[in-house]
Amino acid sequence: MGVVRDVIVLVLVAAVGVLLIKHGNRRTRRMALAWPPPGQDRFDPATLTGEQLGYLSDRGNGAIEAAVARLRVGGAVTYRWSDNTLAPTGRGLPDGSATPLSTAVLSAASEQPPIGGLGRHPAVRDAVRDLGGDLDDTWKRTDVPPRHFVSCGIPVLLLSAATLAWAVLVPPFRAVTDVPLILLAVVGLVAGAVVGSQPVPMETIRLRTLRRARERNTHLDPGMNPALRTYGPAAAAVAVGLFGLSAMVDTDLPLSSVSVRDQTAEADAALAAATYDDEDGRPIYGCGGFDAAGGGGGGGSSGAGCGVWIA
């Protein structure tokens, strides 16, 4: 009967331990998402640039798109739909509104690569890497302290201590059950220490920051038809960083339909079907307009009518 009792304890310890570890991990994630407490806003998403928010949304692609929006609304570049490139206008951004990444993208645009090739330009690639490194450093300095999660690991530690006491102090000693119990107790002690002091996962930080930033910038949501030229280059970068280039649908319709990634087949088809102004290569759409989702169509969901082009 004693052996049966010890086997039951072994099975229960393993099952309860797994449940406690899962509960502790879920609790740390909830606590991280809820950080910071009211009145203790140590890491304010409002201090992030559009390029930084774009990096959180879609890594390098999102950051570059935000920089493109900053340059376009600031009048530093125009978009040439005919060859999918940015054309510098020779005008810089207003004082204080440039970022290292937007400066790198402007430099790359002078070589006129397709938008899908901007991320491969050495200056842009280096700027994106530096931006990501700066964000990592900021999180390490200002985000949730590890001691915030100590209470999440305590149940696992208590179970491990009780298991160790049972295996060592309750006679008789049976290797077939007590050795596995001791091993489980050691594993539980390590797991409890990890759960109680784990750093905040980057994914948790990313989701939390984006959620709060979007809550503070609902006026920039594409569904609100934001007037980005009125808001200015910095706000345009934030809008695109949070919601993608579709936020520019009322500012630059052709640009709002593309991405820093390679053109989709639909966009390529629209490119081939469009006619162009011979002087500067901007698209002139026939009756039916242009679909902001990435292609030309007979219905013209964006509302661009016969002979309309975007300056």
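The values are calculated or read from the model by the stated rules, or taken from the named source; none is laboratory data. Computed from a predicted model, the values in this text were never measured in an experiment. Cβ sites come from the backbone with ideal geometry, for glycine too, and all protein chains shown count toward neighbours. Quick note on the areas: whole protein, heavy atoms, side chains included, nothing else; ligands and nucleic acids left out. Shrake-Rupley method; radii C 1.70, N 1.55, O 1.52, S 1.80 Å.
May I ask you to verify whether R72 is in a loop (DSSP other than H, G, I, E, B), open to solvent by 10 Å² or more (accessible area, probe 1.4 Å) and in contact (Cβ under 8 Å) with a residue 12 or more places away in the chain?
For R72, the condition - in a loop (DSSP other than H, G, I, E, B), open to solvent by 10 Å² or more (accessible area, probe 1.4 Å) and in contact (Cβ under 8 Å) with a residue 12 or more places away in the chain - is not met.
Do you know which residues across the stretch 72-105 are more than 19 Å from S259 (Cβ to Cβ) and over 23 Å from the mean Cα position of the chain (by Cα)? Write out each step before concluding.
Initially, the stretch 72-105 is screened for residues more than 19 Å from S259 (Cβ to Cβ), giving 74-76, 88-100, 103.
Those that are more than 19 Å from S259 (Cβ to Cβ) and over 23 Å from the mean Cα position of the chain (by Cα): G74, G75, A76, P88, T89, G90, R91, G92, L93, P94, D95, G96.
Can you tell me which residues in the stretch 155-193 are under 38 Å from the mean Cα position of the chain (by Cα) and of a type in the set (D, E, K, R)?
Once the filter is applied, which keeps residues that are under 38 Å from the mean Cα position of the chain (by Cα) and of a type in the set (D, E, K, R), the stretch 155-193 yields nothing.
If we keep just the residues of the stretch 104-120 that are out of contact with any strand residue (DSSP E or B) (no Cβ under 9 Å at 6 or more places or on another chain) and buried (at least 19 other Cβ atoms within 10 Å of the Cβ), which is farthest from R208 (Cα to Cα)?
So the residue we want is A104.
So which pairs qualify, if the first residue must be in the stretch 235-260 and in contact (Cβ under 8 Å) with a residue 60 or more places away in the chain, the second must be of a type in the set (V, I, T) and part of a loop (DSSP other than H, G, I, E, B), the Cβ gap must be under 7 Å, and the two must be at least 6 apart or on different chains?
A237/T49; L245/V258; D252/I310; P254/I310
So Y79 clears everything in (1) closer than 20 Å to T230 by Cβ; (2) outside any strand (DSSP E or B) except one condition, right? Which one?
(2) is the only condition that Y79 fails.
Pick from the stretch 176-191 the residues that are open to solvent by less than 10 Å² (accessible area, probe 1.4 Å) and modelled with pLDDT under 90: which of them is nearest to I8 (Cα to Cα)?
Filtering first and then ranking leaves T177.
Do we have any residue at all in the stretch 93-101 that's open to solvent by 50 Å² or more (accessible area, probe 1.4 Å), in contact (Cβ under 8 Å) with a residue 40 or more places away in the chain and in a strand (DSSP E or B)?
No, that holds for no residue.
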